[in-house]
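K.L.:
Dumping the structure here so I can ask a few things about it.
The values are calculated or read from the model by the stated rules, or taken from the named source; none is laboratory data. On a predicted model such as this, the values are computed, not experimentally measured, just so you know. Positions of Cβ are backbone-derived with ideal geometry, glycine not excepted, and every protein chain shown enters the neighbour counts.
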Amino acid sequence: MTKPIELFPHQERILKQLADRGSIVLDIHYPKGLSKCNTGGDMRNINKDPIKVKHSELQRCSDGTKYRSYCPVCKQGILFLYRSDDLLLKEGDRCLQCGQRFTYTDIAELRAAERGEIMDTPGNIEDCFPEVEKILRDTDDFGITEFKDTPEKDMIVLYHHNLGRHLRNEWGLWRGSKLRDWFVEKGITHADDMSNIILTSFHRFLNGKEINLEDQISHKIAYWEKGGNNYATE
């Protein structure tokens with residue numbers, strides 16, 4: 001018995017294989033607006049590094065779709081903007097035609113829009129300093145003098161699970177915020193590393209030292225490239 005199936009492009013190749021074996025018979029048609037999207041897929045860019053893009057600037061496959069967009073590289077394939085197991089919009093995507101990977105730099109705004117809110121956080125490392133200082137001055141749990149006078153290496157360990165946790169949770173460093181996007185654009189993707197850099201930079205600022213932001217970032221990236229399996233404190 002023939003059973004028509006409404007098929008999205010990313011399902012076509014698998015189901016066609018089943019049809020070729022005689023397991024099923026397909027009546028293939030695409031949702032409105034997707035008929036031009038090529039899903040044959042030569043995957044010529046599958047091994048290339050991810051490209052950073054803003055999802056808001058991509059061309060949609062139709063006027064009615066909120067997330068499905070044409071690949072800005074091959075101009076034919078689709079970016080679906082997938083979700084994780086907990087239904088959170090994913091930061092990474094891949095073209096179904098050419099295999100090019102993408103990282104959405106505005107993923108925090110997309111997630112916040114779904115929650116009906118915009119997370120108000122600092123936008124860069126310098127913007128963090130007055131906010132961290134305010135936290136240190138306004139709470140009994142941390143003291144700005146004690147923070148400043150603690151040797152840097154000890155500070156990273158002592159403040160990781162209190163002040164550091166507060167920054168990771170309240171500033172959206174795990175799931176998405178303007179500040180997380182700023183770090184991701186610089187190659188830092190782990191929330192522990194982000195809070196580490198914030199605390200280290202502010203500690204050096206208080207003590208009149210050079211922040212050396214680029215060196216901090218390079219150190220974190222190198223740690224993971226060498227096979228690091230835990231948050232880097234060195």
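K.L.:
Would you check if there is a residue in segment 164-173 being of a type in the set (A, V, I, L, M, F, W, C) and assigned to a loop (DSSP other than H, G, I, E, B)?
P.N.:
Yes: segment 164-173 contains one or more residues that are of a type in the set (A, V, I, L, M, F, W, C) and assigned to a loop (DSSP other than H, G, I, E, B).
K.L.:
Still on this structure, please answer the following. Can you run down the residue pairs with Cβ atoms below 7 Å, 6 or more apart or on separate chains, where the first is in segment 216-234 and under 19 Å from Tyr159 (Cβ atoms) and of a type in the set (Val, Ile, Thr) and the partner is modelled with pLDDT of 70 or more and part of a helix (DSSP H, G or I)?
P.N.:
Hits for this filter: Thr233/Ile156; Thr233/Val157; Thr233/Asn196.
K.L.:
Those residues that are in contact (Cβ under 8 Å) with a residue 60 or more places away in the chain, under 23 Å from Met43 (Cβ atoms) and in a loop (DSSP other than H, G, I, E, B), I need them from segment 54-96; list them, please.
P.N.:
Selection gives Phe80, Glu91, Leu96.
K.L.:
Still on this model: Mind telling me which of the residues Asp192, Asp149, Asp141 ends up being more than 21 Å from the chain's Cα centre (by Cα), at pLDDT 90 or above, surrounded by fewer than 21 Cβ atoms within 10 Å (Cβ to Cβ) and not assigned by TED's automatic domain parsing to the domain that holds Arg83?
P.N.:
Going through Asp192, Asp149, Asp141 in turn, just one is more than 21 Å from the chain's Cα centre (by Cα), at pLDDT 90 or above, surrounded by fewer than 21 Cβ atoms within 10 Å (Cβ to Cβ) and not assigned by TED's automatic domain parsing to the domain that holds Arg83: Asp149.
K.L.:
Is one or more of the residues making up segment 93-106 of a type in the set (Asp, Glu) and modelled with pLDDT under 85?
P.N.:
No; the residues of segment 93-106 include none that is of a type in the set (Asp, Glu) and modelled with pLDDT under 85.
K.L.:
Looking only at segment 196-234, which residues are polar (S, T, N, Q), within 23 Å of Phe147 (Cα to Cα) and at pLDDT below 90?
P.N.:
Here is the first cut: in segment 196-234, the residues polar (S, T, N, Q) are 196, 200-201, 207, 212, 216, 218, 229-230, 233.
Then keep just the ones that are within 23 Å of Phe147 (Cα to Cα); that gives 196, 200-201, 207, 212, 216, 233.
Of everything in segment 196-234, just one residue is polar (S, T, N, Q), within 23 Å of Phe147 (Cα to Cα) and at pLDDT below 90, namely Thr233.
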